[in-house]
Amino acid sequence: MNNQKCSTLFQKLGGRTRIIQCIYVVGFMDLFGVSMIIPLLSHHVKALGASPTVAGIVGSTYGILQLFSSTIVGGWSDVVGRRYSLLTCLLLSAFGYGLLGMSTSIALFVLARIPVGLFKHSLSICRALLSDLVSDSERPLVMGHFNAASSVGFILGPVVGGYLTEHEGGFYTSSFTCASIFLINAGLVWMLPWSEALVHLNDTNSSNNTSKGCHDNNCRKLVQNGTHADKQNLAETDSGSKAPGKHRGGLRWREVSLLQPAWKQLSSVSSKIHTVASSDMWDLFLVRLLMAIAIMLYYSNFSLAMEERFSLKPKVTGYLISYSSTLGALAGFLVGPVTKLYGNNMPALLLHSTVLTCSLIFLYAAAPSVWQVLLTSTFFAISTSIGRTCITDLELQRGGVQASGTLIGAGQSVTAVGRVLAPLLSGLAQEFSPCGPPSLGVVLALAAVGLLLIRIPKWDGRGLTKVVKLGKSK
């Protein structure tokens, strides 16, 4: 009987695999289109007559908007559902890149960056959707594959963008191509079999007593927000009457229709952000910030340092960067096996990957030859890929997947703070030595290691990860 009820739930999740595979394609195409544009932005804004200072200010517009909008859009996806929030982000991003293709002045260029800065959170929502669809044990593997697919797109995009730029009006062609890619992604998301991925609340409730007989977490997990969050039967099927809210995994959850007044949606988003801000997750976010800055410092003056330290030509440095990027993409496929090797002990895996990353940054800063740099770059790409997946998975474990959009958005906001601080710290450190930025990165990574050593015993009681759900006191 237990196996039969579990089988029923699995049948309702029959479209899950197709959705996951399509999300991989969306992630690939997303970064493929974006990476076509990124290398060309600075050249285009200068071609429009901007001074270096103005170009710098214009270039920071996107990062500042992302800093403030990541958490808000992530929380909004928790409220109205992944489908419509993802479609909104894709369509408005397409509009922004299309407008960028028509930018013939600095003012129009800045205007085009606003919708992209506010709504280019499609990858974050995709990650939140994936976390909704898979069990906790499957999540590192699926996230690793998604990161790998996205990274491959980021590697191939500049090649196509560079080719298009060689022709007349190449920047405008690249912009319109990117906009078209986002429109295709929106169409793909619209056609996904959302209804097959939804496990209704009444089916889940009726199987609560039998979930112990099922050996897969999918039998206990409600796939929420994968489809229309505004279907009121999600709140009504169990009792036959409207319920103002319900507890799912410790978080008080309230479904809000996309067609509800904006103030109601805003109120729900604000409540979720406040819940995350007031939770005891500062240690994870601080580790994310420290490691984000350390990794950015490693890359900040890589080309210049290679030239000054080893008289390496830019072409050779480019090959080295491409090699590292390719390994980083392939490392996404190692996350699942490595996680299984650690027995899904994510705190230990995060600690070890952080220690390895710190050691590799130190070896790079002290490298006496290019061959040592090549060796450190090889393992650095792998350790950082695993570390990023670990920190995201721990945030979702401790915060609960019910607020996955808000949590992932908050993590992206923290990383955006790192993007703002890293160039400033890199410039100051380079005043002393070409090895200054990575040396400072070593100090920050050591601080992250120390913090993990202090905090992990509080996460990990009796060898088991201590899951702290948002909305519940410790």
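The values are calculated or read from the model by the stated rules, or taken from the named source; none is laboratory data. Keep in mind that what you see is a predicted model, and the values were worked out from it rather than measured. Here the Cβ positions follow ideal geometry from the backbone for every residue, glycine too, while neighbour counts run over all protein chains shown. Heads up: the accessible areas ignore ligands, DNA and RNA and are worked out on the full protein's heavy atoms, side chains in. Shrake-Rupley method; radii C 1.70, N 1.55, O 1.52, S 1.80 Å.
Annotations
- Close pairs (9 angstrom Cβ cut-off, 6 or more residues apart or separate chains): open to solvent by 40 Å² or more (accessible area, probe 1.4 Å) in the stretch 325-340, outside any helix (DSSP H, G or I) anywhere: Lys340/Ser137
- Of all the residues in the stretch 368-396, those that are in contact (Cβ under 8 Å) with a residue 40 or more places away in the chain and either in a loop (DSSP other than H, G, I, E, B) or not small (Gly, Ala, Ser) (or both) number 18.
- The helices (runs of 4 or more DSSP H) falling completely within the stretch 1-83 that include 1 or more residues that are at pLDDT 80 or above and of a type outside the set (Asp, Glu) map to 16-47, 52-80.
- Which listed residue is farther than 27 Å from Val414 by Cα and of a type in the set (A, V, I, L, M), from Leu297, Leu330, Leu320, Leu286: Leu320
- The stretch 23-47, subset out of contact with any Gly (no Cβ under 9 Å at 6 or more places or on another chain) and either open to solvent by 10 Å² or more (accessible area, probe 1.4 Å) or among the small types (Gly, Ala, Ser) (or both), residue nearest to Val134 (Cα to Cα): Tyr24
- Check on Phe95, farther than 24 Å from Ile184 by Cα, open to solvent by 40 Å² or more (accessible area, probe 1.4 Å), out of contact with any Ser or Thr (no Cβ under 6 Å at 6 or more places or on another chain) and of a type in the set (Phe, Trp, Tyr): no
- Inclusion of Thr354 among residues that are more than 17 Å from Ser385 (Cβ to Cβ), open to solvent by less than 40 Å² (accessible area, probe 1.4 Å) and either touching a strand residue (DSSP E or B) at 6+ places or on another chain (Cβ under 7 Å) or assigned to a helix (DSSP H, G or I) (or both) is not warranted.
- Unique residue being touching a helix residue (DSSP H, G or I) at 6+ places or on another chain (Cβ under 6 Å), outside any helix (DSSP H, G or I) and touching a residue at least 40 places away in the same chain (Cβ under 8 Å) when the list is Ser124, Ser135: Ser135
Each row is one residue, and each column tells you yes or no for (1) open to solvent by 10 Å² or more (accessible area, probe 1.4 Å); (2) farther than 24 Å from Val142 by Cβ; (3) at pLDDT below 85.
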{"position": "Lys315", "(1), (2), (3)": "yes, yes, yes"}
{"position": "Ala348", "(1), (2), (3)": "yes, no, no"}
{"position": "Ala366", "(1), (2), (3)": "yes, yes, no"}
{"position": "Gln372", "(1), (2), (3)": "yes, yes, no"}
{"position": "Gly387", "(1), (2), (3)": "yes, no, no"}
{"position": "Arg398", "(1), (2), (3)": "no, no, yes"}
